[in-house]
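The values are calculated or read from the model by the stated rules, or taken from the named source; none is laboratory data. Being a predicted model, the structure only gives us computed values, none of them experimental. In this analysis, Cβ positions are derived from the backbone assuming ideal geometry, glycine residues included, and neighbour counts consider all displayed protein chains.
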Amino acid sequence: MPTLSMFFGIIIRMYFGPKEHNPPHIHVHYQNDIVVINIENCQIMEGAIPTRQLRLVLAWIEIHREELLADWKLCQNGEKPFMIDPLK
């Protein structure tokens, strides 16, 4: 699972393969916690991370939604996704 971005101890990943299920989503790792978030509407699909880190991730998704969706399409076609700038 490629890492798309890392910031403030948060790691953003996306499964790499044409069989990954819809809707488009990312896997967010923070310490021992993992949350899966829908890219299109920022809804949590499963898991949890601390509220402060979740807010940072949701802001990052809003800023980079188009890039995330483009990476999702690449992954669905079996191509490696591009890195996305971290939150600064």
**Asked** If only one of Met45, Met83 is touching a His at 6+ places or on another chain (Cβ under 9 Å) and either at pLDDT 95 or above or hydrophobic (A, V, I, L, M, F, W, C) (or both), which one is it?
**Response** Met45
**Asked** Which ones in region 12-52 are touching a residue at least 12 places away in the same chain (Cβ under 8 Å), surrounded by fewer than 15 Cβ atoms within 10 Å (Cβ to Cβ) and assigned to a strand (DSSP E or B)?
**Response** Asp33, Met45, Gly47
**Complete:** Per the list (1) in contact with a strand residue (DSSP E or B) (Cβ under 9 Å, 6 or more places away or on another chain); (2) buried (at least 16 other Cβ atoms within 10 Å of the Cβ), residue check on Cys75 breaks on (1)
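Table: residues versus (1) acidic (Asp, Glu); (2) over 11 Å from the mean Cα position of the chain (by Cα); (3) modelled with pLDDT under 95.
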residue	(1), (2), (3)
Phe7	no, yes, no
Tyr30	no, yes, no
Val36	no, no, no
Ala70	no, yes, no
Lys73	no, yes, yes
Glu79	yes, yes, yes
Leu87	no, yes, yes
**Prompt:** Filtering region 78-88 down to residues that are hydrophobic (A, V, I, L, M, F, W, C) and closer than 14 Å to Phe7 by Cα, which residue is surrounded by the most Cβ atoms within 10 Å (Cβ to Cβ)?
**Reply:** Ile84
**Asked** Taking region 53-73 on its own, how many of its residues are among the aliphatic types (A, V, I, L, M), in contact (Cβ under 8 Å) with a residue 40 or more places away in the chain and under 12 Å from Ile10 (Cβ atoms)?
**Response** 2
